[in-house]
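Working notes for the structure below.
The values are calculated or read from the model by the stated rules, or taken from the named source; none is laboratory data. As the structure is a computational prediction, the values presented were derived from the model and not from experiment. So basically every Cβ, Gly included, is an ideal-geometry build from the backbone, and we count neighbours across all protein chains shown. Each accessible area value is taken on the protein alone, full model and side chains, heavy atoms only, with ligands, DNA and RNA left out. Shrake-Rupley method; radii C 1.70, N 1.55, O 1.52, S 1.80 Å.
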Amino acid sequence: DNGKTLRVFSKGASEIICSRCTSILNENGSPVSIEKQRDNLKTQVIEKMASEALRTIGLAYKDIPANSDLEDENAILSNMTLIAIVGIEDPVRPEVPDAIQQCQQAGITVRMVTGDNVMTARSIATKCGIIADANDPNALVIDGKEFNNMIKDSDGKIMQDKIDEIWPKLRVLARSSPTDKYTLVKGMIESNVASEGLQVVAVTGDGTNDGPALKKADVGFAMGIAGTDVAKEASDIILM
């Protein structure tokens, strides 16, 4: 529009992108209100794809005046128009279930800490063998928000005894932040659960944000090819 407007595109976790959208493109490519479709998008699109172990990504856009404050991210990433939700398959490699089983036979409990949503993470964890049954009541699958609600007191302080109630049965921590990963690792290392014995905690990671958890762990594994320099510096072992 003669340089008077900018079109900003955004992509990210589908449920977060959807929550920031007020309209959606219809079959003719025209924006219409999203309100009547929110429940349908959640149950028939996002949850359906997530239950099939697909990562769901939301794509949206917004037209803003060219002189807008581009630093105000919250203002820009609001009242957007949803273009599409895509499901991306990241298949479990064939050797993974056997590797998980070998770890378990050696007395190692494998836990998944991921940014994926709960349904996608649960499905992948079941395919890998991290949890034997998606409905197993003894295999705890929670997201970062629920994890924090369970381990903090009313003042927001992390309680070790609360972590001790959770981690022995925790198998999947989904939609987790790097801070959640660090909190879990620290909580297991400093655990007071006598029945579980001394915990030797090994952690894998490849991002800069994984640095604190890799450093805190008894053994930190970084990825040689995909890993950042920060992750490698914080680790004990680099997988080539």
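Exposed loop GluC sites (Glu not before Pro) only (DSSP loop, at most 10 other Cβ atoms within 10 Å): please give the longest stretch of the chain free of them, not including the sites. Show your work: numbers first, answer last.
Numbers: sites that count: GLU27, GLU71, GLU95.
Result, exposed sites excluded: 96-240.
Relative to the longest principal Cα axis of the chain, at what angle does helix 96-105 sit, 0 to 90 degrees, rounded to 10?
Between helix and principal axis, roughly 30 degrees.
To test your reading of the geometry: what angle, between 0 and 90 degrees and rounded to tens, separates the Cα axis of helix 178-189 from the longest principal axis of the chain?
10 degrees
If the cut-off is 18 Å between C-alpha atoms, which lysines fall inside it for LYS42, apart from same-chain ones fewer than 8 positions away?
Cα-Cα hits under 18 Å: LYS11.
Label ARG93 and LYS162 with points 7 Å out from Cα along Cα→Cβ: what is the distance between them in nm?
For ARG93 paired with LYS162, the spin-label model returns 3.8 nm.
Divide by every residue of the chain the summed helix terms, -39500 (n - 2.57) for each DSSP H run of at least 4, and state the resulting mean residue ellipticity at 222 nm, rounded to the nearest 500 deg cm²/dmol. Mind showing how you got there, number by number?
On the way: 10 runs with 75 residues, N = 240.
Per the formula, -8000 deg cm²/dmol.
Rounded to whole Å and sorted largest first, what semi-axes of the equivalent ellipsoid does the C-alpha gyration tensor of segment 106-240 yield via the square root of 5 times each eigenvalue? Spell out each step's value before the answer.
Working: eigenvalues 100, 67, 47 Å².
In descending order the semi-axes read 22, 18, 15 Å.
Roughly speaking, to the nearest percent, how much of the chain's 1.4 Å accessible area is carbon and sulfur?
Numbers: 7100 of 14130 Å².
Percent of accessible area from carbon and sulfur atoms in the chain: 50.
What is the magnitude of the charge dipole of the chain about its Cα centre, with +1 placed on the Cβ of each Lys and Arg, -1 on the Cβ of each Asp and Glu, and no other charges, expressed in debye to the nearest 20? List each step's numbers first, then the result.
Numbers: 26 positive and 35 negative charges, 61 e Å.
My answer is approximately 300 debye.
If you take every DSSP beta bridge whose two residues both sit in segment 142-240, what share of them, in percent to the nearest 5, is antiparallel?
Within segment 142-240, antiparallel bridges account for around 10 percent of the total.
Return, for the Cα atoms of the chain, the radius of gyration and Dmax in Å, separated by a comma.
Every Cα atom of the chain included, Rg and Dmax give 20.7, 70 Å.
Positive end of the charge dipole of segment 59-99 (Lys, Arg +1 and Asp, Glu -1 on Cβ, about the Cα centre): tell me which of LEU77, VAL96, ALA60 has its Cα farthest that way.
The residue sitting most towards the positive pole is ALA60.
Could you state the angle between the C-alpha long axis of helix 118-128 and the longest principal axis of the C-alpha atoms of the chain, as a value from 0 to 90 degrees rounded to the nearest 10?
So the inclination is approximately 50 degrees.
Say the dipole of the chain comes from +1 at the beta carbon of Lys and Arg and -1 at that of Asp and Glu; which of LEU140, ILE34, SER191 then lies farthest toward its positive end?
Working it through, the farthest residue towards the positive pole turns out to be ILE34.
What whole-number distance in Å separates the alpha-carbon centres of segment 1-73 and segment 76-113?
With segment 1-73 and segment 76-113 each reduced to a Cα centre, they are spaced 23 Å.
Loop by DSSP (not H, G, I, E, B), at most 13 other beta-carbon atoms within 10 Å: where is the longest site-free stretch of the chain for trypsin sites (Lys or Arg not before Pro)? Can you show the working numbers first?
Details: sites that count: LYS4, LYS157, LYS169.
The reported range is 5-156.
Lysines within cross-link reach of LYS215: Cα-Cα under 29 Å, excluding same-chain residues under 8 positions apart?
LYS145, LYS152, LYS157, LYS162, LYS169, LYS181, LYS186, LYS232
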